[in-house]
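One structure is given below, encoded as structure tokens.
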Ligand code: SF4
């Protein structure tokens, strides 16, 4: 199966979700089958199985969740970094992994992006991109101070949480932030108002909280990519403890996280096993695994790609569900379908249609308009298109011996 397979594109309908629709019960429609092609599956090890059938495992059917994979924030960030490479040439520096996906990061590294965890590692004046997860204010300031062309590819939905944190802290609130310690997004958000923010990861963490009694109120904010179950559990407990609890008008869990989780719940009811494609450091991918298990499918496994599938994942699995985290390219999903080689084909289970689009950062748009005389059309160009361009960008670098 390839990205240009017509069975992928013909299934797109004109229905799109709005925020109000997203809170309605999901409409579930099973659509036409994917074609599978096993000839192109190319395993690195000669002895590695080409398909699950080589293990004597026969999968009847694969159900693929829709929506899955790249969200609007990831689309924007990947396209932005490819534009940076085209505008500035390699090396381009990037603070933190642009998105949490091993294959995407490796593709950028090959094309000349240098990922750093400290902006002090970036040479003065070098082009620098800040990742989609959002950066601490002091990191942004230091990046600017270094004097290069700096683009902040933070997702606007993370910026919204930063804004809420800044505003509530200014209004003298204590802020409970639900997130994962050490995750790039959580680190960046907590740094916005460190004096007012308290990280909690579990409901039990609320026990040890020490909030000021003279506060104006208690705000509850969250990392955008959490499992809805985890967030809800802490929210309910916080409501019982704090009469002065304040919540944002629109919850912090982002549309992509929520939509992928809702679609997966529908999938979990229909499958014997579920594979979630995405990297180990991807918060929303890990959340998907927890959601599928909570929805009743205990045989749910995270994989980076087809090479990670193990025979025991598929024992007694006639129908296998498949989804992907918000930073996972569709090509990895296609490889998994090819590997599973379902005898009755692969079917997409469409729950919600998405049409969110986030424009490139304003400073990058200005630079592009200046370089090309007009702003190139970004809406119709996908992140997959941009990633495909990376291979062309590698060639001149290699010939320059850089
Ligand atoms: S998962 Fe949500 S918050 Fe994160 S980049 Fe995608 S749209 Fe933005």
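Bear in mind these aren't lab numbers, they're just calculated from the coordinates by the rules spelled out. None of these values were measured; they are calculated from a predicted model. With ideal geometry, Cβ positions are generated from the backbone for all residues, glycine too; neighbour counts draw on all protein chains shown.
Peptide packing for 120-126, 385-391, 343-349 was compared via the average number of neighbouring C-beta atoms within 10 Å per residue; ordered from the highest value, the list is 343-349, 385-391, 120-126. Computed from the Cβ-Cβ distance with R0 of 30 Å, the FRET efficiency linking residue 379 to residue 250 stands at 0.80.
In deg cm²/dmol, rounded to 500, what helix-only [θ] at 222 nm does the chain give when every DSSP H run of at least 4 residues adds -39500 (n - 2.57) and the total is split over its residues?
Working: 13 runs with 144 residues, N = 402.
Only helices count here, giving -11000 deg cm²/dmol.
In terms of the mean number of neighbouring beta-carbon atoms within 10 Å, the peptides 315-325, 62-72 order highest first as 62-72, 315-325. Projected onto planes of every orientation and averaged, the convex hull of the alpha-carbon atoms in the chain covers 21.6 nm². Sorted fewest first by neighbouring Cβ atoms within 10 angstrom, 55, 231, 246, 83 come out as 55, 246, 231, 83. Treating only the Cα positions of segment 157-246 as identical point scatterers, give the base-10 log of I(q)/I(0) from the Debye formula at each q in 0.12, 0.14, 0.20 Å⁻¹. After summing over all Cα pairs, the log10 values are -0.31, -0.42, -0.91. When the Gaussian network model of the chain links Cα atoms closer than 10 Å, the mean-square fluctuations of 91, 311, 329 top out at 311. Spread over its residues, the convex hull of the C-alpha atoms of segment 261-365 is 123 Å³ per residue.
Restricting to bridges with both residues inside the chain, how much of the DSSP beta-bridge set is antiparallel, in percent to the nearest 5? Provide the component values of the computation, followed by the final result.
Working: 4 of 43 bridges.
Counting only bridges with both partners in the chain, antiparallel ones make up about 10 percent.
In this simple spin-label model, placing a label point 7 Å from the Cα along the Cα-to-Cβ direction at both residue 216 and residue 118 gives a separation of 3.7 nm.
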